[in-house]
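What follows is calculated from the coordinates using simple rules that are stated; it is not laboratory data. Here the structure is a predicted model, which means the values were calculated and not measured. Ideal geometry is used to build each Cβ from the backbone, glycine not excepted, and the neighbour counts take in all protein chains shown.
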Amino acid sequence: MICYRECLLNLEKFNGGEEYKILQFINNIERIGKMIDANDNLLYCMCMAKLDGEEKRWYEDNLSLIQWKQLKSALLERFTTSDSS
């Protein structure tokens with residue numbers, strides 16, 4: 001079985017882009033978390049460590065997001081596009 005550290009190292013940093021990227025990014029964080037039975041604090045830390053560029057600056061402007069569920073929800077809201085026409 002592949003070591004979770006290797007999975008985390010190989011996980012690309014999230015730097016925005018298309019909607020599927022944020023969904024895939026969050027799914028990958030949670031998949032790695034399941035491998036190691038990670039709690040929400042560890043999921044939060046893994047996610048935070050993999051934010052890059054503008055997305056990292058967005059996070060730094062939203063430091064009130066201190067729990068994984070809050071961060072996950074805010075990331076999805078911020079980086080998911082909606083066609084409300």
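Need one number: nm distance between label points at K13 and L76, each 7 Å from Cα along Cα→Cβ, rounded to one decimal.
2.6 nm
If eta is 1.567 mPa s and T is 4 °C, what Stokes-Einstein diffusion coefficient results for the range 39-79, Kirkwood Rh from Cα pairs, in µm²/s?
It diffuses with D of about 128 µm²/s by this estimate.
Count the lysine pairs in the chain that are 8 or more places apart or on different chains: how many have C-alpha atoms under 17 angstrom apart?
Taking the chain as the scope, the lysine pair count is 12.
Taking the Cα atoms only, what angle lies between the long axis of helix 68-79 and the longest principal axis of the chain, rounded to 10 degrees?
Helix 68-79 sits roughly 40 degrees off the main axis of the chain.
How long are the semi-axes of the equivalent ellipsoid of the chain, defined as square roots of 5 times the Cα gyration tensor eigenvalues? Whole Å, largest first.
They are 22, 15, 12 Å, listed largest first.
Could you work out the local net charge near Y44, counting Lys and Arg as +1, Asp and Glu as -1, over the other residues with Cβ closer than 10 Å to its Cβ?
+1
If exposed means no more than 12 neighbouring beta carbons inside 10 Å and the site is in a DSSP loop, what's the longest run of the chain without any exposed GluC sites (Glu not before Pro)?
Free of exposed loop sites, the longest segment is 19-85.
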